1. Taking R0 as 51 Å, what FRET efficiency do you get between Val423 and Ile180 from their Cβ-Cβ distance, rounded to the nearest 0.05?
2. From the backbone phi of the range 254-261, what are the Karplus-calculated ³J(HN,Hα) couplings (6.51 cos²θ - 1.76 cosθ + 1.60, θ = phi - 60°) in whole Hz, Gly and Pro given as x?
3. At q = 0.17, 0.26 Å⁻¹, what is the base-10 log of I(q)/I(0) for the range 219-304 according to the Debye formula with one equal point scatterer per Cα and no solvent? Please give it to two decimals.
4. What is the chain's relative contact order, in percent, from Cα pairs under 8 angstrom and six or more apart in sequence?
5. Going from most exposed to least, what order do Tyr176, Tyr102, Tyr422 have by accessible area with a 1.4 Å probe?
6. Using only the Cα atoms, what convex hull volume per residue in Å³ does the range 374-429 have?
7. Length gain on complete extension for the stretch Lys342 to His91, per 0.36 nm per residue less the alpha carbon to alpha carbon distance?
8. For the range 122-215, which semi-axes, largest first and in whole Å, follow from the square roots of 5 times the eigenvalues of its Cα gyration tensor?
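The values are calculated or read from the model by the stated rules, or taken from the named source; none is laboratory data. All figures in this text were calculated on a predicted structure; none of them were measured in a lab. Here Cβ is always computed from backbone atoms with ideal geometry, including for glycine, and neighbour counts include all displayed protein chains. Each accessible area value is taken on the protein alone, full model and side chains, heavy atoms only, with ligands, DNA and RNA left out. Shrake-Rupley method; radii C 1.70, N 1.55, O 1.52, S 1.80 Å.
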Amino acid sequence: MTEKVAITFQGKTFEFPLVEGTFGEKGIDISTLRSTTGLVTFDPGYMSTGSCTSDITFLDGEKGILLYRGIPIEQLADKSNFVETAYLLIHGELPTKDELSYFNHHVVHHSMLHEAIKNLYDGFPNNPHPMAVASAVVGSLATFYQNEISVRDEREIEITIHRLLAKLPTIAAYSYKKSIGQPLPYPDNALGYCGNFLKMMFSTPCEPYEVDPVAAKALDVLLILHADHEQNCSTSTVRLVGSSMSNLFASVSAGIYALWGPLHGGANQAVIEMLEAIHQDGGDIDKYVAKAKDANDPFRLMGFGHRVYKNFDPRSKIIKKLAHQVFEKVKVHDPLFEIALKLEDIATRDEYFLEKKLYPNVDFYSGLIYKALGFPVPMFPVLFAMGRLPGWIAQWKELQADKDFKIGRPRQIYTGKSTRDYVPLTDRG
Ligand code: SDX
(Lines give C-alpha, C1' and ligand atoms only; values in the text may rest on other atoms or scores of the structure.)
Protein backbone atom coordinates (compact mmCIF):
# COMPACT_ATOMS: atom_id res chain seq x y z
CA MET A 1 0.00 0.00 0.00
CA THR A 2 1.66 3.28 -1.11
CA GLU A 3 1.90 5.82 1.69
CA LYS A 4 0.18 9.13 0.85
CA VAL A 5 0.34 12.76 1.99
CA ALA A 6 -2.87 14.81 2.25
CA ILE A 7 -3.03 18.56 1.53
CA THR A 8 -6.18 20.45 2.44
CA PHE A 9 -6.84 23.57 0.41
CA GLN A 10 -9.99 25.71 0.29
CA GLY A 11 -11.92 23.05 2.22
CA LYS A 12 -10.92 20.18 -0.10
CA THR A 13 -8.37 17.43 0.73
CA PHE A 14 -6.02 16.19 -1.96
CA GLU A 15 -3.80 13.11 -1.58
CA PHE A 16 -0.39 12.66 -3.16
CA PRO A 17 1.68 9.44 -3.23
CA LEU A 18 5.14 9.17 -1.64
CA VAL A 19 8.25 8.12 -3.57
CA GLU A 20 10.62 6.08 -1.38
CA GLY A 21 14.36 5.68 -1.96
CA THR A 22 16.74 2.77 -1.30
CA PHE A 23 17.68 4.04 2.15
CA GLY A 24 14.14 5.05 3.13
CA GLU A 25 14.30 8.71 2.09
CA LYS A 26 10.83 9.87 1.08
CA GLY A 27 9.52 12.46 -1.38
CA ILE A 28 6.00 13.70 -2.10
CA ASP A 29 5.14 13.05 -5.75
CA ILE A 30 3.47 16.38 -6.60
CA SER A 31 3.49 15.90 -10.37
CA THR A 32 -0.33 16.23 -10.36
CA LEU A 33 -0.45 19.12 -7.84
CA ARG A 34 -1.25 21.88 -10.36
CA SER A 35 -3.70 19.85 -12.40
CA THR A 36 -5.66 18.82 -9.27
CA THR A 37 -5.37 21.90 -7.03
CA GLY A 38 -4.26 24.77 -9.32
CA LEU A 39 -1.33 25.26 -6.92
CA VAL A 40 2.38 25.17 -7.69
CA THR A 41 5.16 24.68 -5.11
CA PHE A 42 7.50 27.54 -4.22
CA ASP A 43 11.05 26.52 -3.24
CA PRO A 44 13.83 28.99 -4.26
CA GLY A 45 17.16 27.16 -4.51
CA TYR A 46 15.30 23.85 -4.44
CA MET A 47 16.07 23.47 -0.71
CA SER A 48 13.37 20.78 -0.35
CA THR A 49 12.75 19.78 -3.96
CA GLY A 50 13.89 16.58 -5.67
CA SER A 51 14.21 16.86 -9.46
CA CYS A 52 14.49 13.15 -10.26
CA THR A 53 15.04 9.66 -8.98
CA SER A 54 18.58 8.44 -9.63
CA ASP A 55 20.55 5.21 -9.22
CA ILE A 56 23.96 6.86 -9.42
CA THR A 57 25.05 8.57 -6.18
CA PHE A 58 23.71 8.59 -2.63
CA LEU A 59 24.54 11.25 -0.03
CA ASP A 60 23.56 11.21 3.63
CA GLY A 61 24.27 14.77 4.76
CA GLU A 62 23.67 14.05 8.44
CA LYS A 63 25.91 10.98 8.60
CA GLY A 64 28.49 12.20 6.07
CA ILE A 65 27.98 9.24 3.73
CA LEU A 66 28.79 9.28 -0.02
CA LEU A 67 28.23 6.21 -2.22
CA TYR A 68 28.88 5.86 -5.98
CA ARG A 69 26.53 3.14 -7.27
CA GLY A 70 26.36 1.87 -3.68
CA ILE A 71 30.13 1.72 -3.08
CA PRO A 72 31.49 3.98 -0.27
CA ILE A 73 33.76 6.77 -1.51
CA GLU A 74 36.40 5.75 1.06
CA GLN A 75 36.77 2.30 -0.59
CA LEU A 76 36.94 3.72 -4.12
CA ALA A 77 39.53 6.33 -3.09
CA ASP A 78 41.57 3.57 -1.44
CA LYS A 79 41.22 0.73 -3.96
CA SER A 80 40.01 2.02 -7.34
CA ASN A 81 41.34 4.47 -9.94
CA PHE A 82 39.65 7.32 -11.78
CA VAL A 83 39.06 5.54 -15.12
CA GLU A 84 37.52 2.53 -13.34
CA THR A 85 35.37 4.82 -11.15
CA ALA A 86 34.24 6.70 -14.27
CA TYR A 87 33.14 3.37 -15.78
CA LEU A 88 31.28 2.48 -12.56
CA LEU A 89 29.40 5.79 -12.52
CA ILE A 90 28.54 5.70 -16.23
CA HIS A 91 27.67 2.00 -16.59
CA GLY A 92 26.47 1.18 -13.06
CA GLU A 93 28.84 -1.70 -12.25
CA LEU A 94 32.58 -2.12 -11.72
CA PRO A 95 34.01 -3.28 -15.08
CA THR A 96 35.35 -6.75 -15.80
CA LYS A 97 38.96 -6.92 -16.99
CA ASP A 98 37.85 -6.89 -20.65
CA GLU A 99 35.31 -4.10 -20.11
CA LEU A 100 37.96 -1.95 -18.39
CA SER A 101 40.53 -2.58 -21.10
CA TYR A 102 37.99 -1.69 -23.86
CA PHE A 103 36.93 1.49 -21.98
CA ASN A 104 40.49 2.52 -21.17
CA HIS A 105 41.64 1.91 -24.76
CA HIS A 106 38.92 4.18 -26.17
CA VAL A 107 39.35 6.87 -23.55
CA VAL A 108 43.08 6.96 -24.27
CA HIS A 109 42.80 6.81 -28.07
CA HIS A 110 40.60 9.89 -28.36
CA SER A 111 42.94 12.15 -26.37
CA MET A 112 44.17 14.25 -29.34
CA LEU A 113 42.32 17.38 -30.38
CA HIS A 114 41.55 18.30 -34.01
CA GLU A 115 44.45 20.51 -35.10
CA ALA A 116 42.01 23.30 -36.05
CA ILE A 117 41.12 23.64 -32.35
CA LYS A 118 44.50 25.29 -31.80
CA ASN A 119 43.12 28.27 -33.73
CA LEU A 120 40.50 28.70 -30.99
CA TYR A 121 43.27 29.12 -28.41
CA ASP A 122 44.90 31.76 -30.63
CA GLY A 123 41.63 33.67 -30.62
CA PHE A 124 41.43 34.14 -26.83
CA PRO A 125 42.88 37.31 -25.25
CA ASN A 126 45.95 36.97 -23.02
CA ASN A 127 45.61 34.79 -19.93
CA PRO A 128 41.91 33.86 -20.26
CA HIS A 129 40.43 32.05 -17.26
CA PRO A 130 40.84 28.33 -18.01
CA MET A 131 37.20 27.61 -17.05
CA ALA A 132 35.97 29.93 -19.81
CA VAL A 133 38.40 28.25 -22.23
CA ALA A 134 37.39 24.75 -21.15
CA SER A 135 33.69 25.46 -21.57
CA ALA A 136 34.18 27.17 -24.95
CA VAL A 137 36.38 24.41 -26.35
CA VAL A 138 34.17 21.59 -25.02
CA GLY A 139 31.19 23.35 -26.61
CA SER A 140 33.13 23.63 -29.88
CA LEU A 141 33.49 19.82 -30.02
CA ALA A 142 29.81 19.81 -31.03
CA THR A 143 30.94 21.42 -34.31
CA PHE A 144 33.84 19.04 -34.98
CA TYR A 145 31.64 15.98 -34.40
CA GLN A 146 28.27 17.41 -35.33
CA ASN A 147 27.25 14.32 -37.31
CA GLU A 148 27.80 12.01 -34.35
CA ILE A 149 26.04 13.66 -31.40
CA SER A 150 22.58 12.14 -31.50
CA VAL A 151 21.14 11.89 -27.97
CA ARG A 152 19.20 8.75 -28.84
CA ASP A 153 21.85 6.73 -30.71
CA GLU A 154 23.73 4.41 -28.31
CA ARG A 155 26.89 4.25 -30.45
CA GLU A 156 27.05 8.03 -30.89
CA ILE A 157 26.48 8.52 -27.16
CA GLU A 158 29.31 6.06 -26.41
CA ILE A 159 31.85 7.69 -28.72
CA THR A 160 30.93 11.14 -27.41
CA ILE A 161 31.53 9.90 -23.85
CA HIS A 162 34.95 8.53 -24.86
CA ARG A 163 35.84 11.78 -26.67
CA LEU A 164 34.87 13.95 -23.69
CA LEU A 165 36.75 11.89 -21.08
CA ALA A 166 39.80 11.66 -23.34
CA LYS A 167 39.91 15.26 -24.53
CA LEU A 168 39.15 17.34 -21.42
CA PRO A 169 42.68 16.79 -19.98
CA THR A 170 44.18 17.87 -23.33
CA ILE A 171 41.87 20.92 -23.47
CA ALA A 172 42.89 21.84 -19.91
CA ALA A 173 46.61 21.39 -20.56
CA TYR A 174 46.37 23.42 -23.78
CA SER A 175 44.79 26.35 -21.91
CA TYR A 176 47.64 26.34 -19.37
CA LYS A 177 50.43 25.98 -21.94
CA LYS A 178 48.91 28.74 -24.09
CA SER A 179 48.75 31.05 -21.06
CA ILE A 180 52.50 30.66 -20.42
CA GLY A 181 53.50 30.86 -24.08
CA GLN A 182 54.74 27.27 -24.30
CA PRO A 183 54.00 24.93 -27.23
CA LEU A 184 50.76 22.99 -27.04
CA PRO A 185 51.64 19.39 -26.09
CA TYR A 186 50.46 16.14 -27.64
CA PRO A 187 49.07 13.41 -25.37
CA ASP A 188 51.28 10.40 -24.58
CA ASN A 189 49.07 7.34 -24.86
CA ALA A 190 51.65 5.14 -23.17
CA LEU A 191 50.93 6.91 -19.88
CA GLY A 192 47.91 6.51 -17.61
CA TYR A 193 45.14 9.11 -17.44
CA CYS A 194 46.76 11.27 -14.74
CA GLY A 195 50.35 10.67 -15.86
CA ASN A 196 49.49 11.80 -19.38
CA PHE A 197 47.78 14.93 -18.02
CA LEU A 198 50.73 15.81 -15.75
CA LYS A 199 53.13 15.35 -18.65
CA MET A 200 51.03 17.58 -20.96
CA MET A 201 50.88 20.19 -18.20
CA PHE A 202 54.47 20.26 -16.99
CA SER A 203 56.77 18.81 -19.68
CA THR A 204 58.53 20.85 -22.39
CA PRO A 205 59.98 19.65 -25.72
CA CYS A 206 63.45 20.55 -24.47
CA GLU A 207 63.98 17.89 -21.84
CA PRO A 208 62.80 14.45 -20.73
CA TYR A 209 59.90 14.40 -18.24
CA GLU A 210 59.36 11.72 -15.61
CA VAL A 211 55.86 11.43 -14.14
CA ASP A 212 56.05 11.61 -10.32
CA PRO A 213 53.98 8.59 -9.15
CA VAL A 214 53.08 10.41 -5.92
CA ALA A 215 51.62 13.31 -7.91
CA ALA A 216 49.81 10.99 -10.33
CA LYS A 217 48.29 8.97 -7.47
CA ALA A 218 47.24 12.08 -5.51
CA LEU A 219 45.59 13.55 -8.61
CA ASP A 220 43.85 10.24 -9.34
CA VAL A 221 42.37 10.14 -5.81
CA LEU A 222 41.24 13.78 -6.10
CA LEU A 223 39.51 13.06 -9.43
CA ILE A 224 37.72 10.07 -7.85
CA LEU A 225 36.55 12.21 -4.93
CA HIS A 226 35.12 14.85 -7.29
CA ALA A 227 33.52 12.39 -9.75
CA ASP A 228 29.86 12.81 -8.79
CA HIS A 229 27.69 14.36 -6.11
CA GLU A 230 24.03 13.77 -7.03
CA GLN A 231 21.98 16.86 -8.03
CA ASN A 232 24.43 19.70 -7.26
CA CYS A 233 24.24 22.99 -9.16
CA SER A 234 26.40 21.99 -12.15
CA THR A 235 24.92 18.49 -12.49
CA SER A 236 21.40 19.95 -12.39
CA THR A 237 22.55 22.35 -15.13
CA VAL A 238 23.79 19.44 -17.27
CA ARG A 239 20.46 17.66 -16.75
CA LEU A 240 18.37 20.73 -17.52
CA VAL A 241 20.27 21.46 -20.75
CA GLY A 242 20.13 17.75 -21.68
CA SER A 243 16.37 17.72 -21.02
CA SER A 244 15.83 19.73 -24.21
CA MET A 245 17.62 16.84 -26.01
CA SER A 246 20.69 19.07 -26.37
CA ASN A 247 23.84 17.05 -27.08
CA LEU A 248 26.30 15.96 -24.41
CA PHE A 249 29.05 18.41 -25.46
CA ALA A 250 26.65 21.36 -25.09
CA SER A 251 25.28 20.06 -21.76
CA VAL A 252 28.78 19.59 -20.29
CA SER A 253 29.89 22.99 -21.59
CA ALA A 254 27.00 24.53 -19.62
CA GLY A 255 27.92 22.43 -16.57
CA ILE A 256 31.48 23.80 -16.64
CA TYR A 257 30.16 27.35 -16.49
CA ALA A 258 27.85 26.47 -13.58
CA LEU A 259 30.74 24.83 -11.71
CA TRP A 260 32.91 27.96 -12.14
CA GLY A 261 30.96 29.99 -9.57
CA PRO A 262 32.78 30.64 -6.23
CA LEU A 263 29.85 29.15 -4.32
CA HIS A 264 30.37 25.87 -6.19
CA GLY A 265 33.47 24.43 -7.87
CA GLY A 266 35.14 27.85 -8.04
CA ALA A 267 35.43 27.64 -4.25
CA ASN A 268 38.70 25.68 -4.45
CA GLN A 269 40.27 28.72 -6.11
CA ALA A 270 38.51 31.08 -3.67
CA VAL A 271 39.82 29.08 -0.68
CA ILE A 272 43.46 29.57 -1.71
CA GLU A 273 42.83 33.27 -2.39
CA MET A 274 41.25 33.54 1.08
CA LEU A 275 44.16 31.71 2.77
CA GLU A 276 46.64 33.93 0.87
CA ALA A 277 44.75 37.03 2.08
CA ILE A 278 44.85 35.80 5.69
CA HIS A 279 48.57 35.01 5.32
CA GLN A 280 49.30 38.44 3.84
CA ASP A 281 47.30 39.97 6.68
CA GLY A 282 49.71 38.48 9.23
CA GLY A 283 47.74 35.24 9.71
CA ASP A 284 45.10 36.89 11.89
CA ILE A 285 42.63 33.99 11.72
CA ASP A 286 40.35 35.28 14.48
CA LYS A 287 39.76 38.45 12.44
CA TYR A 288 38.53 36.42 9.45
CA VAL A 289 36.39 34.09 11.54
CA ALA A 290 34.76 37.19 13.06
CA LYS A 291 34.19 38.62 9.56
CA ALA A 292 32.57 35.32 8.48
CA LYS A 293 30.23 35.48 11.48
CA ASP A 294 29.31 39.14 10.96
CA ALA A 295 25.88 39.26 9.24
CA ASN A 296 26.78 42.71 7.86
CA ASP A 297 30.01 41.47 6.30
CA PRO A 298 29.62 39.64 2.95
CA PHE A 299 32.84 37.69 3.68
CA ARG A 300 32.33 33.95 3.92
CA LEU A 301 34.82 31.26 4.93
CA MET A 302 35.30 29.70 1.53
CA GLY A 303 35.50 25.91 1.69
CA PHE A 304 33.06 25.81 4.61
CA GLY A 305 29.41 24.87 4.56
CA HIS A 306 27.32 22.69 2.31
CA ARG A 307 23.70 22.44 1.21
CA VAL A 308 23.54 18.73 2.00
CA TYR A 309 26.37 17.89 4.45
CA LYS A 310 25.45 19.06 7.93
CA ASN A 311 28.45 17.13 9.22
CA PHE A 312 31.96 16.64 7.86
CA ASP A 313 32.08 16.23 4.07
CA PRO A 314 33.56 12.69 3.83
CA ARG A 315 35.67 13.84 0.91
CA SER A 316 37.35 16.60 2.90
CA LYS A 317 38.45 14.05 5.54
CA ILE A 318 40.18 11.97 2.85
CA ILE A 319 41.68 15.05 1.17
CA LYS A 320 43.04 16.38 4.48
CA LYS A 321 44.87 13.06 5.05
CA LEU A 322 46.07 13.06 1.42
CA ALA A 323 47.42 16.61 1.86
CA HIS A 324 49.59 15.50 4.79
CA GLN A 325 50.94 12.57 2.70
CA VAL A 326 51.64 14.72 -0.37
CA PHE A 327 53.37 17.47 1.62
CA GLU A 328 55.59 14.90 3.31
CA LYS A 329 56.52 13.18 0.02
CA VAL A 330 57.04 16.30 -2.11
CA LYS A 331 58.78 18.01 0.82
CA VAL A 332 56.54 21.05 0.69
CA HIS A 333 55.99 23.27 3.70
CA ASP A 334 53.07 25.52 2.81
CA PRO A 335 52.19 28.18 5.43
CA LEU A 336 48.70 28.19 3.94
CA PHE A 337 48.26 24.59 5.14
CA GLU A 338 49.04 25.65 8.70
CA ILE A 339 46.51 28.47 8.38
CA ALA A 340 43.92 26.00 7.01
CA LEU A 341 44.46 23.60 9.91
CA LYS A 342 44.10 26.44 12.45
CA LEU A 343 41.03 27.81 10.65
CA GLU A 344 39.41 24.37 10.71
CA ASP A 345 40.27 23.94 14.39
CA ILE A 346 38.80 27.32 15.37
CA ALA A 347 35.73 27.15 13.14
CA THR A 348 34.73 23.61 14.10
CA ARG A 349 34.74 24.65 17.79
CA ASP A 350 32.96 27.96 17.28
CA GLU A 351 29.27 28.21 18.25
CA TYR A 352 28.31 30.06 15.03
CA PHE A 353 29.69 27.31 12.78
CA LEU A 354 28.41 24.50 14.99
CA GLU A 355 24.93 25.99 15.16
CA LYS A 356 24.80 26.52 11.38
CA LYS A 357 26.47 23.11 10.83
CA LEU A 358 29.27 24.59 8.74
CA TYR A 359 32.11 22.11 8.24
CA PRO A 360 35.01 22.01 5.76
CA ASN A 361 33.76 20.81 2.37
CA VAL A 362 35.53 19.17 -0.55
CA ASP A 363 37.05 22.49 -1.63
CA PHE A 364 38.72 23.39 1.65
CA TYR A 365 41.89 21.30 1.32
CA SER A 366 41.93 20.27 -2.34
CA GLY A 367 43.50 23.50 -3.56
CA LEU A 368 46.47 23.06 -1.20
CA ILE A 369 47.29 19.76 -2.88
CA TYR A 370 46.84 21.15 -6.39
CA LYS A 371 49.20 24.00 -5.38
CA ALA A 372 51.78 21.54 -4.01
CA LEU A 373 51.60 19.61 -7.31
CA GLY A 374 52.44 22.81 -9.19
CA PHE A 375 49.08 23.72 -10.71
CA PRO A 376 48.36 27.45 -11.06
CA VAL A 377 45.39 28.56 -8.92
CA PRO A 378 43.04 29.47 -11.81
CA MET A 379 43.36 25.86 -13.03
CA PHE A 380 41.86 24.47 -9.80
CA PRO A 381 38.18 24.66 -10.91
CA VAL A 382 39.20 22.95 -14.20
CA LEU A 383 40.64 20.07 -12.16
CA PHE A 384 37.29 19.90 -10.37
CA ALA A 385 35.57 19.77 -13.79
CA MET A 386 37.89 16.95 -14.94
CA GLY A 387 36.89 14.99 -11.86
CA ARG A 388 33.17 15.77 -12.16
CA LEU A 389 33.00 14.90 -15.87
CA PRO A 390 32.05 11.20 -15.45
CA GLY A 391 29.33 12.21 -13.01
CA TRP A 392 27.89 14.76 -15.42
CA ILE A 393 28.02 12.11 -18.18
CA ALA A 394 26.35 9.45 -16.02
CA GLN A 395 23.57 11.80 -14.91
CA TRP A 396 22.97 13.08 -18.47
CA LYS A 397 22.86 9.48 -19.78
CA GLU A 398 20.43 8.45 -17.01
CA LEU A 399 18.18 11.41 -17.91
CA GLN A 400 18.15 10.55 -21.64
CA ALA A 401 17.20 6.93 -20.84
CA ASP A 402 14.51 7.91 -18.29
CA LYS A 403 11.17 6.28 -19.23
CA ASP A 404 9.46 9.46 -17.90
CA PHE A 405 11.83 11.75 -19.87
CA LYS A 406 10.49 15.32 -19.93
CA ILE A 407 11.97 18.74 -20.75
CA GLY A 408 12.68 20.59 -17.50
CA ARG A 409 10.48 23.68 -17.20
CA PRO A 410 9.89 25.00 -13.64
CA ARG A 411 6.90 27.26 -12.91
CA GLN A 412 7.02 30.61 -11.01
CA ILE A 413 4.94 32.93 -8.86
CA TYR A 414 4.61 36.24 -10.78
CA THR A 415 4.96 39.31 -8.52
CA GLY A 416 5.34 42.01 -11.18
CA LYS A 417 2.94 44.77 -12.34
CA SER A 418 -0.73 43.93 -12.95
CA THR A 419 -2.11 44.51 -16.46
CA ARG A 420 -1.60 48.11 -17.69
CA ASP A 421 -1.60 50.00 -21.03
CA TYR A 422 1.33 51.07 -23.19
CA VAL A 423 2.24 54.75 -22.65
CA PRO A 424 3.50 56.57 -25.78
CA LEU A 425 6.95 58.17 -25.43
CA THR A 426 5.47 61.67 -25.76
CA ASP A 427 3.33 61.05 -22.65
CA ARG A 428 6.12 59.74 -20.45
CA GLY A 429 7.48 63.09 -19.21
C1 SDX B 1 30.62 22.49 -3.71
O2 SDX B 1 26.00 20.79 -3.87
C3 SDX B 1 27.09 20.10 -3.92
O4 SDX B 1 27.07 18.92 -3.79
C5 SDX B 1 28.34 20.95 -4.22
C6 SDX B 1 29.65 20.21 -4.15
C7 SDX B 1 29.77 19.14 -5.21
O8 SDX B 1 30.56 18.21 -5.03
O9 SDX B 1 29.15 19.34 -6.31
O10 SDX B 1 29.82 19.60 -2.88
C11 SDX B 1 30.82 21.17 -4.38
O12 SDX B 1 30.12 23.39 -4.33
C13 SDX B 1 31.01 22.65 -2.26
C14 SDX B 1 30.65 24.08 -1.69
C15 SDX B 1 31.74 25.06 -2.12
N16 SDX B 1 31.38 26.42 -1.75
C17 SDX B 1 31.95 27.09 -0.75
O18 SDX B 1 32.81 26.61 -0.01
C19 SDX B 1 31.50 28.55 -0.62
C20 SDX B 1 31.23 28.89 0.85
N21 SDX B 1 30.03 28.15 1.31
C22 SDX B 1 28.79 28.77 1.10
O23 SDX B 1 28.62 29.89 0.37
C24 SDX B 1 27.57 27.91 1.42
O25 SDX B 1 27.85 27.17 2.54
C26 SDX B 1 27.08 26.99 0.31
C27 SDX B 1 26.89 27.72 -0.97
C28 SDX B 1 28.07 25.89 0.10
C29 SDX B 1 25.76 26.37 0.76
O30 SDX B 1 24.85 27.40 0.81
P31 SDX B 1 23.32 27.17 1.32
O32 SDX B 1 23.05 25.73 1.52
O33 SDX B 1 22.44 27.96 0.42
O34 SDX B 1 23.35 27.79 2.76
P35 SDX B 1 23.20 29.34 3.08
O36 SDX B 1 24.04 30.14 2.12
O37 SDX B 1 21.76 29.64 3.15
O38 SDX B 1 23.89 29.41 4.51
C39 SDX B 1 23.17 29.02 5.66
C40 SDX B 1 23.68 29.96 6.75
C41 SDX B 1 23.62 31.44 6.34
O42 SDX B 1 23.45 32.20 7.53
P43 SDX B 1 21.98 32.79 7.88
O44 SDX B 1 21.52 33.57 6.66
O45 SDX B 1 21.13 31.57 8.15
O46 SDX B 1 22.23 33.68 9.07
O47 SDX B 1 25.08 29.69 7.01
C48 SDX B 1 25.85 30.86 6.68
C49 SDX B 1 24.99 31.73 5.80
O50 SDX B 1 25.35 33.10 5.97
N51 SDX B 1 27.02 30.36 5.92
C52 SDX B 1 28.25 30.78 6.11
C53 SDX B 1 29.02 30.01 5.22
N54 SDX B 1 28.23 29.19 4.51
C55 SDX B 1 26.99 29.42 4.96
N56 SDX B 1 28.79 31.69 6.94
C57 SDX B 1 30.13 31.86 6.85
N58 SDX B 1 30.97 31.17 6.02
C59 SDX B 1 30.42 30.22 5.19
N60 SDX B 1 31.22 29.54 4.37
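1. Result of the calculation: an efficiency of 0.35.
2. Whole-Hz 3J(HN,Hα) from phi for the range 254-261: 5, x, 5, 5, 5, 5, 4, x.
3. So the normalised log intensities are -0.82, -1.21.
4. It rounds to 20 percent for the chain.
5. Reading off the accessible areas and sorting them downward yields Tyr422, Tyr102, Tyr176.
6. Normalising the Cα hull of the range 374-429 by residue number yields 235 Å³.
7. Full-extension gain reported as 86.2 nm.
8. Semi-axes, largest first: 26, 19, 10 Å.
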